[in-house]
Amino acid sequence: MRASFEKIPTEANTSWTLLNRRLPQAIPFEWHHHPEYELTLTLNSRGHRYISNDVARYDDGDLVLVGPNVPHSWSSAETIDPAQPHIALVIWFSEAWADSLVKLFPEMASTRALLAAAQHALSFSDATSRALRPVIEAMVEQDASQRLISLLSVLNTLSRDVAAQRITVQDTPHIIEDARIRRVLDYLHGHYAQPLSIPGLAQMACVSVSAFHRMFRKHTRCTALDYIVRLRIGHACALLMQSKLAVSTIAEQVGYASQALFNRQFKAHKGMTPSDFRGQHGHHFQ
């Protein structure tokens with residue numbers, strides 16, 4: 001599982017980033033967030049996508065705009081054409097870039113409402129996905145200036161999709177600039193299944209326990225214990241849907257010594273037991 005904060009690369013001659021991701025085996029579960037908006041078009045793949053507390057099936061042509069610092073991941077189940085890879089065409093751009101765009105070009109005013117709605121996340125209609133698929137695919141081979149023109153066209157089309165569905169998510173963390181908390185979060189995402197203590201995390205951040213509690217809540221809008229539970233439950237969801245492991249084994253793998261505690265915390269976060277969640281979301285794995 002990746003660290004919660006993902007650094008998005010930007011080339012020297014560009015103001016935003018396009019990633020042409022082609023994976024022959026699978027799209028892995030990688031729970032992360034970043035301060036950029038992310039527009040993802042997923043092709044030749046089906047599975048589940050996680051956006052904060054929302055879990056939904058996706059299929060070929062899934063087109064979603066995720067807001068800044070909203071935790072998310074895709075996790076594939078199968079390809080449409082087994083001879084071809086899973087494809088994710090991913091566009092990242094910053095809030096500052098988007099704000100400048102709207103301020104500089106009055107013609108892009110309709111984009112303002114789009115970006116406001118996407119502070120959480122938006123899933124676009126099949127019609128919009130079909131219309132934009134060739135445009136986004138063509139961007140892979142375009143030079144930087146052509147790509148920019150294409151992106152403006154894409155944003156304009158997205159802003160006119162009246163059938164787009166808003167995905168309501170839990171509160172998202174602020175952009176985390178504090179290196180102390182970044183260090184703690186990096187550690188948590190690599191060791192969430194291991195025994196963890198608040199004093200140990202506070203020591204890692206080089207602050208007292210009381211200061212650590214205040215600092216962590218300021219940057220993540222939740223307690224450290226809540227954050228750890230979210231990590232464990234999030235990965236448990238992937239294991240429940242994509243494996244036949246016993247619930248007790250999954251509980252142990254994500255860091256619970258007590259299955260009763262796992263069941264209780266899972267139900268508190270997902271509104272159902274782990275077994276019910278598997279029955280609802282993992283039919284084709286059984």
Q.
To make sure I understand, if each residue's beta carbon is the centre and we count other beta carbons within 10 Å, what order do W97, W16, W74 fall in, fewest to most?
A. W97, W16, W74
**Q.** Exposure proxy ranking, count of Cβ atoms within 10 Å, fewest first, for R264, R49
**A.** R264, R49
Q) Which residues does a label at I80 reach in region 109-145, if reach means a backbone N under 17 Å from a point 7 Å past the Cα toward the Cβ? A) 124-138
**Q.** Residues D186 and R57, FRET efficiency given R0 of 30 Å [Cβ-Cβ distance, rounded to 0.05]
**A.** 0.45
Q: Could you tell me the largest-minus-smallest coordinate of the C-alpha atoms of region 179-285 on each of the three principal axes, in descending order and whole angstroms?
A: 46, 23, 21
(Q) Give me the one-decimal nm value for the distance between modelled label points at D276 and T249, 7 Å along each residue's Cα-to-Cβ direction. (A) 2.5 nm
Q. Of the listed peptides 129-141, 30-42, what is their order by residue-averaged count of other C-beta atoms within 10 Å, with the highest listed first?
A. 30-42, 129-141
**Q.** Interchain or long-range residues, amide H under 5 Å from A121's placed H
**A.** G67, I167
Q) Which value in nm describes the separation of the simple spin-label points at S153 and E30, placed 7 Å from the Cα toward the beta carbon? A) 2.9 nm
Q. Given only helices, namely DSSP H runs of n ≥ 4 each adding -39500 (n - 2.57), what is the per-residue ellipticity at 222 nm of the chain, to the nearest 500 deg cm²/dmol?
A. -13500 deg cm²/dmol
Q | Along each principal axis, Cα extent of region 174-216, largest first, Å | A | 24, 22, 14
Q) How would you rank K7, K103, going from fewest to most other Cβ atoms within 10 Å of each one's own Cβ? A) K7, K103
(Q) If I take R0 = 35 Å and measure r between the Cβ atoms of S100 and V162 in this structure, what FRET efficiency does the formula 1/(1 + (r/R0)^6) give, to the nearest 0.05? (A) 0.85
Q.
I'd like the Kirkwood hydrodynamic radius of region 5-72, using the inverse of the mean 1/r over distinct C-alpha pairs, in Å.
A. 13.2 Å
Q) Using 1/(1 + (r/R0)^6) with R0 = 41 angstrom and r between the beta carbons of A144 and L196, what's the FRET efficiency to the nearest 0.05? A) 0.40
Q.
Please report the antiparallel percentage of DSSP beta bridges with both residues in the chain, rounded to the nearest 5.
A. 95 percent
Q. How long is the chain along each principal axis, judged by its Cα atoms, biggest number first, in Å?
A. 54, 46, 31
Q: Would you kindly state how much longer the chain becomes between A257 and T14 on full extension, computed as 0.36 nm times their sequence separation minus their alpha carbon distance, in nm to one decimal?
A: 82.6 nm
**Q.** Rg to Rh, two decimals, where region 17-167 supplies the alpha carbon set and Rh follows Kirkwood
**A.** 0.94
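Since every read-out is calculated from the coordinates, none of them should be taken as a lab result. Fair warning: this is a prediction, and the values are worked out from it, not measured in the lab. We place every Cβ from the backbone using ideal geometry, glycine too, and count neighbours over all the protein chains shown.
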